[in-house]
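Okay, structure first, notes after.
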Amino acid sequence: MTHHEEDTTIAHVMETLIENGMESMSAAFGTLYNAAMEIERAQFLGAGRYERSESRIGQGNGFKDKVVNTRVGKIPLRIPQVRNLPEDSQGFYPKALEKGIRSERALKLALAEMYIHGVSTRKVTKITEELCGLEVTSMDVSRATKLLDEEVAAWRNRQLGTIRYLVLDARYEKIRHGGSVIDCAVLVALGVDEHGKRTVLGTSVALSEAEVHWRAFISSLMDRGMRGVQMVVSDAHEGLKKALQATMPSVPWQR
């Protein structure tokens, strides 16, 4: 983008604001954002549109439309695309937009967490409007909850690797099951790796601490690549002890 084009862009933004006032803020932001992304593409390619340069590494390939919700309204964006990049190139995506997507993702996760903790959709909508200036629908909350489910699933299924010390414990929480509230065991595994770093390896909700539940939980940790355990620390619950004898019979146990 040349200096003349930059001046034209700024003039267009000023015109829009003068003619339409605050109502045109989203359009003004969109114009500036689109201009910034185009500049970033030119810097990435090593040359602007129609510009010949020995440092050019690829070519522009038009734009992809996207609408982003912000505090000033919905901003229509034109995301610059590229083509004919070298094989070793990591591709192009505007950094500013990437940061915005991360912020949007964080907001969605916060919405989902509020909903899971029992905050009604109406209250979630009100809180978000007051704090962020964004209107949130029940569909938005539903999509956010799905996003959180995906995050939890990825965490629960991640690979574990070498764990030197394995700590197993359980706590009881009240949950709804079959139309009534019952106490359920939440099985928890804490691991210490070869560097001394502690991390929660996983959790599992079970009806009790019976051997069958502990055995399934410990087996799931092993299926995820847990290896190298030198000692297991836990209480002396009979179900847990039997499960350890069945799954990790050669590993020393300490109460």
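Summary of values
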quantity: Efficiency of FRET between Ala246 and Arg78 - r from beta-carbon atoms, R0 41 angstrom, step 0.05; calculated: 0.10
quantity: Stokes-Einstein translational diffusion, the stretch 161-255 - Kirkwood Rh over all Cα pairs, 1.002 mPa s, 20 °C, in µm²/s; calculated: 157
quantity: Approximate spin-label separation Ser219-Glu51, in nm, with each point projected 7 Å along Cα-to-Cβ; calculated: 6.3
quantity: Förster-model FRET efficiency, 30 Å R0, Tyr165 and Val186, C-beta, rounded to 0.05; calculated: 0.90
quantity: Proxy reagent accessibility, fewest Cβ within 10 Å first, across Thr199, Thr31; calculated: Thr199, Thr31
quantity: P(r) tail fraction, the stretch 185-240 - alpha-carbon pairs more than 18 Å apart, %; calculated: 32
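Each reported figure results from applying straightforward, stated rules to the coordinates on display, with no laboratory input. Keep in mind it's a predicted model, so treat the numbers as computed, not measured. Glycine also receives a Cβ, built like all others from the backbone with ideal geometry; neighbour counts cover every protein chain displayed.
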